[in-house]
Amino acid sequence: MANEKTYAMLKPGVLERKIVGEIISRFEKKGLRIAALKLRKIPRELCEQHYAEHKDKPFFSELVNYVTGGPVVTMVISGEEAISTVRKICGATKPAEAAPGTIRGDYGAVVTKNVIHASDSPESAAREIKLFFETEEVIDYPTGDETYLV
Ligand code: UDP
Ligand code: MG
């Protein structure tokens, strides 16, 4: 049993398509909880920092243009093994390879617009949460018996 926090971000298409509630609901139903939540437009520099590991990739500028082109929902999600669990619920990076039942499998068609970002490791989660939230914005609170979930 390892209670973890992870960072997730709904990309601008989710706002355009008005499916924010549907996506967040999947994490809640799984037994994870929202520890921080914000709607914002992120500055280019912050987006470039966030995706720094990809700065030399051919898709980098298209990705940054897309993610800074409209509002995003930034979140911290917490719960048992939240980092790997959230990644599994999101599915494979390329929507064409993402299994049906996953968010990317069910809602996406194009890799740049693959609906959601989620941290891929404890190190990324710590770095990304710090990049997008102040310490006091991340809230621990009881939500009842969660022992049967996840
Ligand atoms: N991406 C892209 N083209 C690619 C690979 C990735 O546009 O060939 C985008 C995609 O939106 C992805 C993001 O870059 O979510 C970050 O890529 P990464 O390999 O870290 O995938 P993720 O961790 O999001 O699954
Ligand atoms: Mg990644």
Only one of Lys94, Lys55, Lys29, Lys41 is touching a Pro at 6+ places or on another chain (Cβ under 8 Å) and open to solvent by 90 Å² or more (accessible area, probe 1.4 Å), namely Lys41
Within segment 13-25, residues surrounded by fewer than 20 Cβ atoms within 10 Å (Cβ to Cβ) and within 12 Å of the chain's Cα centre (by Cα) come out as Val20, Ile24
Close pairs (8 angstrom Cβ cut-off, 6 or more residues apart or separate chains): over 18 Å from Glu128 (Cα atoms) in segment 41-66, outside any helix (DSSP H, G or I) anywhere
Phe59/Val111; Phe59/Thr112; Glu62/Thr112; Tyr66/Lys11; Tyr66/Thr112; Tyr66/Lys113
Under 7 Å between Cβ atoms, at least 6 apart or on separate chains: pull out the pairs that start in segment 106-134 with a residue that is free of Cβ contacts under 8 Å to residues at least 24 places away in the same chain and end on any residue that is polar (S, T, N, Q).
Gly108/Asn114
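Go over the candidates Thr68, Thr85 one by one and state the one that is hydroxyl-bearing (Ser, Thr, Tyr) and within 13 Å of the chain's Cα centre (by Cα). Before you say what the answer is, go through the steps one by one.
Details: Thr68 fails: within 13 Å of the chain's Cα centre (by Cα).
One residue alone meets the criteria, Thr85.
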With respect to the numbered conditions (1) assigned to a loop (DSSP other than H, G, I, E, B); (2) in contact with a Cys (Cβ under 7 Å, 6 or more places away or on another chain), which one is the sole condition not fulfilled by Val64?
(1)
Sole miss for Thr85 among (1) assigned to a loop (DSSP other than H, G, I, E, B); (2) of a type outside the set (D, E, K, R); (3) in contact (Cβ under 8 Å) with a residue 12 or more places away in the chain is condition (1)
Count, please, the residues in segment 97-107 that happen to be open to solvent by 20 Å² or more (accessible area, probe 1.4 Å) and part of a loop (DSSP other than H, G, I, E, B).
3
Scan segment 49-61 and give yes if some residue there is assigned to a helix (DSSP H, G or I), within 11 Å of ligand 1 (Cβ to nearest atom) and of a type in the set (D, E, K, R), otherwise no.
yes
Filter segment 30-47 for residues that are charged (D, E, K, R) and under 16 Å from the mean Cα position of the chain (by Cα); the one that is farthest from ligand 1 (Cβ to nearest atom) is Arg33
Among the residues of segment 1-32, write down those that are modelled with pLDDT of 95 or more and outside any helix (DSSP H, G or I).
Glu4, Lys5, Thr6, Tyr7, Ala8, Met9, Leu10, Lys11, Lys18, Ile19
Return only the number of the condition from (1) polar (S, T, N, Q); (2) more than 16 Å from Ile116 (Cα to Cα); (3) within 16 Å of ligand 2 (Cβ to nearest atom) that Ser61 does not satisfy.
(3)
Can you name the number of the only condition in (1) closer than 14 Å to Ala36 by Cβ; (2) surrounded by fewer than 12 Cβ atoms within 10 Å (Cβ to Cβ) that Val72 fails?
(2)
Matching option when the condition is surrounded by 19 or more Cβ atoms within 10 Å (Cβ to Cβ), within 15 Å of ligand 2 (Cβ to nearest atom) and closer than 14 Å to Ile23 by Cβ, among Ile77, Ile116, Ile83, Ile129:
Ile116
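The values are calculated or read from the model by the stated rules, or taken from the named source; none is laboratory data. Just so we're clear, the structure is a prediction, and the values are computed from it rather than from any experiment. Neighbour counts are summed over all protein chains in view; Cβ atoms, including those assigned to glycine, are modelled from backbone coordinates with ideal geometry. We work out accessible area using only protein heavy atoms, side chains counted, and drop any ligands, DNA or RNA first. Shrake-Rupley method; radii C 1.70, N 1.55, O 1.52, S 1.80 Å.
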